Amino acid sequence: MNLDPIRIGLVSISDRASSGVYEDKGLPALRDWLEATLLNPIEWVSHLIADEQPVIEQTLKQLSNTEHCALILTTGGTGPSPRDVTPEATLAVADKVLPGFGEQMRAVSLQYVPTAILSRQVAVIRGSSLIINLPGQPKAIKETLDGVFGAVPYCLDLIGAPFIEVREGSVNVFRPKTK
Ligand SMILES: Nc1ncnc2c1ncn2[C@@H]1O[C@H](COP(=O)(O)OP(=O)(O)OP(=O)(O)O)[C@@H](O)[C@H]1O
Ligand SMILES: Nc1nc2c(c(=O)[nH]1)N[C@H]1C(S)=C(S)[C@@H](COP(=O)(O)O)O[C@H]1N2
């Protein structure tokens with residue numbers, strides 16, 4: 001079966017990585033996980049930006065409206081510090097909020113760290129894009145995506161995105177049987 005390409009937006013949100021204090025490990029971790037999981041060809045649009053709410057909102061709008069990314073993943077800026085504003089920016093550009101993703105990611109993350117409850121991560125629909133916030137610790141990307149990605153393909157089906165398939169032995173995708 002020929003799978004359509006999927007356009008994916010990646011946004012690493014970190015004051016220190018974006019200013020060169022440390023090397024960004026967010027974008028590579030996101031790419032590695034998605035490349036190891038998805039069978040579709042992937043078209044990437046990546047951004048490394050500071051924890052600035054207007055910049056985050058502008059980036060998300062561009063990825064959704066102009067770049068037409070079906071899936072947009074952010075990493076970083078979900079905690080309680082004053083500079084952590086990713087959820088506020090994501091909610092500000094949302095058409096619909098999907099609270100189940102945040103609930104599930106925090107529940108899954110509690111298996112790894114007791115501080116999982118500090119992440120205020122959200123997932124939303126904007127237009128034909130699904131936007132999901134992930135925590136900033138690079139290792140949290142695999143931990144959370146392993147736990148929630150099973151629901152992503154059907155969510156993308158419902159918003160008119162390309163039909164995506166995953167590699168055998170990666171994540172268990174659930175699509176309800178069609179009537
Ligand atoms: N993009 C990244 N690349 C590499 N390591 C990161 C990145 N983002 C976060 N980390 C690591 O995870 C830790 C917690 O991430 P968090 O998002 O809370 O950072 P922060 O303290 O808000 O600072 P900053 O925004 O400057 O990354 C950081 O201290 C850093 O060690
Ligand atoms: N799976 C997972 N979730 C996690 C973590 C982690 O290491 N793994 N770190 C937690 C911590 S310590 C914080 S402060 C919050 C917010 O992180 P952020 O501000 O980097 O997004 O995510 C939490 N969620």
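All of the numbers you see were taken from the coordinates with simple rules; none came from a lab. Predicted model only: the values in this text are computed from it and were never measured. Positions of Cβ are backbone-derived with ideal geometry, glycine not excepted, and every protein chain shown enters the neighbour counts.
For the chain, the longest principal axis of the C-alpha atoms and the axis of helix 99-109 are separated by about 70°. Residues whose amide H comes within less than 5 Å of that of V166, counting only those at least five positions distant or on another chain, are L39 (H built at 1.01 Å from N in the peptide plane). In order along the range 148-155, phi translates into HN-Hα couplings of 10, 5, x, 8, 5, x, 5, 4 Hz, rounded to whole numbers, per the Karplus curve 6.51 cos²θ - 1.76 cosθ + 1.60 with θ = phi - 60° and x for Gly and Pro. The chymotrypsin sites (Phe, Trp or Tyr not before Pro) of the range 132-179 that DSSP puts in a loop, and whose beta carbon has at most 10 other beta carbons within 10 Å, are F174. The value obtained for the chain, namely the Cα convex hull volume divided by the number of residues, is 116 Å³ per residue. Using bins of 10 Å that start at zero, the share of Cα-Cα pairs per bin across the range 30-101 amounts to 16, 47, 33, 4, in whole %. Among all lysine pairs in the chain that are eight or more places apart or on different chains, how many have alpha carbons less than 29 angstrom apart? Within the chain, the lysine pair count is 11. Roughly what angle does helix 26-37 make with the longest principal axis of the chain, taking Cα atoms, 0 to 90 degrees, to the nearest 10? Its long axis makes an angle of about 10 degrees. Express in whole angstrom the spacing between the alpha-carbon centres of the range 2-18 and the range 77-141. Each part reduced to its Cα centre gives a spacing of 15 Å.
Entry note, the chain: relative contact order of 26 percent, from Cα contacts under 8 Å with a spacing of 6+ residues. Take every DSSP beta bridge whose two residues both sit in the range 15-147; close to 55 percent of them are antiparallel.
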